Amino acid sequence: MNNIFAAAAMLASQLGAPLPEVAPVAVPVPFAVEVKVAKIDLGASSYVSASGTVSGSAWLQCSGGQNGSGWMNGSVNLTGQFTVNGPDGARGTIPVSGWVHLSGSCQNGSGFVNGSANLSGSGTLYGRDGRRAGTVSLNGTEFINQHASGHVWINQYANLSGYFTASPSN
């Protein structure tokens, strides 16, 4: 900017125009600009727990047959739907699944089998306003002790725990 004033003063002097004592100085004027930034919730994750029922069935045959003693074992696929209540009223239904390997002694075609089921699930929770609040991941182990006589049907109540991770909000 000062170069422009100097050039103007030199041109004015060549034309014979009177020059000011001091050349004007340009002073920058500060200004503010509003910038919108996406709001991200702090404390974006929290502990959650959920309860529900997992179910499944399978055929487990006694190695001793219908009139003897023996052993039976097999795996059962378990599934369920767990309602999860998250922070600030977030809520959702999360599909849960897992496997359990059952084994035990049997006599005359039936007996008690047991094993530990490894269960997990994940899904989305929604806020009271219907918007996506975040995701939840659940897992846990549940002990199964069940009577089996050829066919085993499991309908087991389970408690799982995990973490809720909030979605960024605008």
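Derivation of every value follows stated rules applied to the coordinates shown; laboratory data play no part. Since the model is a prediction, treat every value here as computed from it, not as a measurement. Reconstructed Cβ throughout: ideal geometry from the backbone, glycine too, with neighbour counts over all protein chains shown.
Assorted remarks:
- Each of ASP129, ASP88 was scored by other Cβ atoms within 10 Å of its Cβ. Listed from fewest to most, they are ASP129, ASP88.
- Share of pairwise Cα separations in the range 59-170, more than 18 Å, in percent: 57
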